[in-house]
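Notes follow once the structure below has been shown.
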Amino acid sequence: MPTVDIDGEDASDGLFALVVAVVEILVDALEREAIRRMESGSLTDEEIERLGSHLAQLEGEIDRLKEEVGVGDDVDRLRGDLDALVNDALLDLRDGELGVESR
């Protein structure tokens, strides 16, 4: 797993990249929940439109900040690592619930 540089001038960029990666993961979770609610019929057309607009604005702002600070590649790298870590943790939880031996 890559590390976040905490020494020198790059410390704030590394921390910013980590925060943005976590925010992107949360936005992805919000989008999945929005789709689930949309498909279940629990949102009105107005709510769907408003939610879609807000999520698009949020993603646009995240992209703008990444470009402004210049951390897009770092965020992508961290996202990949965090996604893999979360997937492994979910598999471990599922395997534990099913009584399956660890990998």
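Nothing in this text is a laboratory measurement; each read-out follows from the coordinates by a stated rule. These numbers come from a predicted model, not from an experiment. Reconstructed Cβ throughout: ideal geometry from the backbone, glycine too, with neighbour counts over all protein chains shown.
Quick look at the numbers
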quantity: Which labelled figure in [x] 44; [y] 22; [z] 10 is percent of Cα pairs over 24 Å apart, once derived from the coordinates; calculated: [x]
quantity: MRE, 222 nm, helices only [DSSP H, n ≥ 4, -39500 (n - 2.57), over the chain, to nearest 500]; calculated: -29000 deg cm²/dmol
quantity: Inter-probe distance in nm under a simple model that places probes 7 Å from Cα toward Cβ, at residue 40 and residue 77; calculated: 3.9 nm
quantity: Positive-pole candidate from 22, 60, 44, dipole of the chain, charges at beta carbon; calculated: 44
quantity: Spin-label zone in the stretch 31-49 - amide nitrogen under 17 Å from a point set 7 Å from the Cα of residue 23 along the C-beta vector; calculated: 31
quantity: Simple label model, 7 Å out from Cα along Cβ direction - residue 13 to residue 89, nm; calculated: 2.8 nm
